[in-house]
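Notes to accompany the following structure.
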Amino acid sequence: MKERKFISKENLIEKIQEYVEAQHSFDSIKNLILNYQKRSHLLFCLESLTNLANNGRVSPAVAKIAGILGIQMVGRASDEGTLEVLHKCRGTKSSIKTIYKEMLKAGYKGGKVRIGHCYNPSASLLLKEMILEAFPSADVTMHQLTGLCSFYAERNGLMIGYESE
């Protein structure tokens, strides 16, 4: 089976637009995007696992217990196309610090970051400020999640797309 790497749709669209404006050929854009995927990453932070449980991606019992205990899941999109839980955190501040540490671990050095949130601008802002404190010239934007992303992220969920070196 061919490996799939998931990246932020915002980062992907921006990069394709950049290559089109630079008048690259279709084949060139395809190769450049495949190369770009190697240094692009997607992290998520979920406060609720209800929709994932309803779709059979996690056990309903696990989703219920996590909700009762106030546990937030921090994870990434794996190369196989699954959601890989990296950390279980209690509280927003702990989750944001964990996300930031994971970004650094993956090689983040101040590049582009797109923070998508599902009705959680305060957590997005907290992460943005943490990034800009260490990397003042980083290109960090926040946006409201829509469509399928907001369905899986659920209220207060975050999806973070970023580039590494």
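The values are calculated or read from the model by the stated rules, or taken from the named source; none is laboratory data. Since the structure is predicted, the reported quantities are computational estimates derived from the model, not experimental observations. Just the protein is used for accessible areas: all its heavy atoms, side chains included, with ligands, DNA and RNA removed. Shrake-Rupley method; radii C 1.70, N 1.55, O 1.52, S 1.80 Å.
Please compute the Kirkwood hydrodynamic radius of the range 50-129 from all pairs of different C-alpha atoms, in Å with one decimal. Before the final figure, lay out each step's value.
Working: mean 1/r = 0.0712 Å⁻¹.
14.0 Å is the Kirkwood radius here.
How large is the accessible surface of K93 in square angstrom, using a 1.4 angstrom probe and rounding to the nearest 10?
150 Å²
Which links in K38/K101; K38/K64; K30/K97 stretch past 31 Å when you go from one Cα to the other?
Cα-Cα > 31 Å for K38/K64; K30/K97; rest within.
What do you get for Rg/Rh of the chain when both radii come from the Cα atoms and Rh is the Kirkwood radius?
Ratio value, two decimals: 0.98.
Relative to the compact globular guide of 2.2 N^0.38 Å, what is the alpha carbon radius of gyration of the range 9-59, as a ratio? Numbers along the way, then the final one.
Details: Rg = 16.5 Å, N = 51, 2.2 N^0.38 = 9.8 Å.
Normalised by 2.2 N^0.38 Å, the Cα Rg of the range 9-59 equals 1.68.
Share of antiparallel DSSP beta bridges in the chain, in percent to the nearest 5?
80 percent
Share of the range 88-165's accessible area from carbon and sulfur, percent, 1.4 Å?
Using a 1.4 Å probe with all protein chains present, the range 88-165 comes out at 55 percent carbon and sulfur.
By accessible area of protein heavy atoms, probe 1.4 Å, what ranking do I68, I29, I115 get, highest first? List each step's numbers first, then the result.
Values: I68 125, I29 25, I115 0 Å².
Ranking I68, I29, I115 by accessible area, largest first, yields I68, I29, I115.
Does anyone have the angle between helix 92-105 and the longest principal axis of the chain? Alpha-carbon axes, 0 to 90°, nearest 10?
Taking the Cα atoms of the chain, the angle to 92-105 is about 40 degrees.
In vacuo Debye scattering of the range 83-165, one point per C-alpha: log10 I(q)/I(0) at q = 0.16, 0.19, 0.22, 0.24 Å⁻¹?
Calculated log10 I(q)/I(0) at the listed q: -0.58, -0.83, -1.11, -1.29.
What residues have an amide H closer than 5 Å to that of K112, excluding those fewer than 5 places away on the same chain, when H is modeled at 1.01 Å from N in the peptide plane?
D139, E163
What fraction, in whole percent, of alpha-carbon pairs in the range 45-92 exceed 18 Å separation?
For the range 45-92, the share of Cα pairs beyond 18 Å comes to 24 percent.
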